[in-house]
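Below: one structure, written as structure tokens.
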Amino acid sequence: RTWDYALEAGKSVGIFGSISAYPPRPVPGFMVPGPFAPGPETYPKYLEPVQALNRKYTQVHHKNAQADTIFSMAKQGIDLLRLGLRAETCAQIALQLATERVKPHMHWKRVTLQPLVNYDFFAGLYDRYRPDFATWHSNHAAHFQHHYWRAWDDTGFPAPATDEERRKFGGAMEHGYRVVDDLIGRFAGLVDDDTVLVIASALGQR
């Protein structure tokens, strides 16, 4: 793992969302595994509510768990605010939920809330620990590629997108990429002039 080389060189690390970070272990810094991890463990332990949130809503999305009640969500929100969740992000979440009440098909947009929430947590941790080497991972762009590419561009697909598919999901792919662009801008603003920002992406989907 890339962070093992940094650790062997005596550097501090901040790992957030990387798929191969489970199980987390004591490191000079922090380690939050990816949302598909089999358990909520993190290092330090006080970050477990962050991982519990990521695992929960990944499972809900895949229909392997039930969504929380309003009361439990509110209680959890208080804990997450203490861990760096910004009021601005909470407002975006509220707006999305309100939009879904009027336009249920806009539920697809909810996926992009997770990376925005996770950026808040990471930014707070990065500022607190100032690690020499850090990683941050989001799977939302791949999600949009898998589910909505045909609605955006059906070239090469055996069956073309229907008019309804285009109407409901035609803007999903571009929205997913705009969120990526926004996040890259935030990360560029998070680091100083002595920090190298590396963007590693997959080759795309067909």
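See the values below:
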read-out	value
Given (1) touching a residue at least 60 places away in the same chain (Cβ under 8 Å); (2) surrounded by 11 or more Cβ atoms within 10 Å (Cβ to Cβ), index of the condition Ala161 fails	(1)
So His143, is it in contact (Cβ under 8 Å) with a residue 12 or more places away in the chain and either surrounded by fewer than 17 Cβ atoms within 10 Å (Cβ to Cβ) or part of a helix (DSSP H, G or I) (or both)	yes
Test: residue in the range 150-159 that is basic (Lys, Arg) and outside any loop (DSSP other than H, G, I, E, B)	yes
Residue, farthest from Leu47 (Cα to Cα), within the range 128-140, restricted to residues that are in a helix (DSSP H, G or I) and either free of Cβ contacts under 8 Å to residues at least 12 places away in the same chain or open to solvent by less than 20 Å² (accessible area, probe 1.4 Å) (or both)	His140
Failed criterion for Gly124 (all others in (1) open to solvent by less than 20 Å² (accessible area, probe 1.4 Å); (2) in contact with a Gly (Cβ under 6 Å, 6 or more places away or on another chain); (3) part of a helix (DSSP H, G or I) hold)	(1)
Residues of the range 4-36 satisfying the condition of being among the hydrophobic types (A, V, I, L, M, F, W, C) and either open to solvent by 10 Å² or more (accessible area, probe 1.4 Å) or more than 20 Å from the chain's Cα centre (by Cα) (or both)	Ala6, Leu7, Ala9, Ile19, Val27, Phe36
Counted residues, the range 81-101 - those being open to solvent by less than 40 Å² (accessible area, probe 1.4 Å) and in a helix (DSSP H, G or I)	3
Residue in the range 142-150 that is touching a Ser or Thr at 6+ places or on another chain (Cβ under 7 Å) and within 29 Å of Val13 (Cβ to Cβ) present	no
Single residue of the range 37-58 satisfying the filter (assigned to a loop (DSSP other than H, G, I, E, B) and either in contact with a Cys (Cβ under 7 Å, 6 or more places away or on another chain) or open to solvent by 40 Å² or more (accessible area, probe 1.4 Å) (or both)) that is modelled with the highest pLDDT	Glu41
Yes/no for Thr112 being crowded, with 17+ Cβ neighbours inside 10 Å, in contact (Cβ under 8 Å) with a residue 12 or more places away in the chain, under 14 Å from Met31 (Cα atoms) and not charged (D, E, K, R)	no
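The values are calculated or read from the model by the stated rules, or taken from the named source; none is laboratory data. Everything quoted here is computed from the prediction, not taken from an experiment. Quick reminder, even Gly has a Cβ in these numbers, built from the backbone with ideal geometry, and neighbours come from all protein chains shown. What goes into the accessible areas is simple: the full protein's heavy atoms, side chains included, and nothing from ligands, DNA or RNA. Shrake-Rupley method; radii C 1.70, N 1.55, O 1.52, S 1.80 Å.
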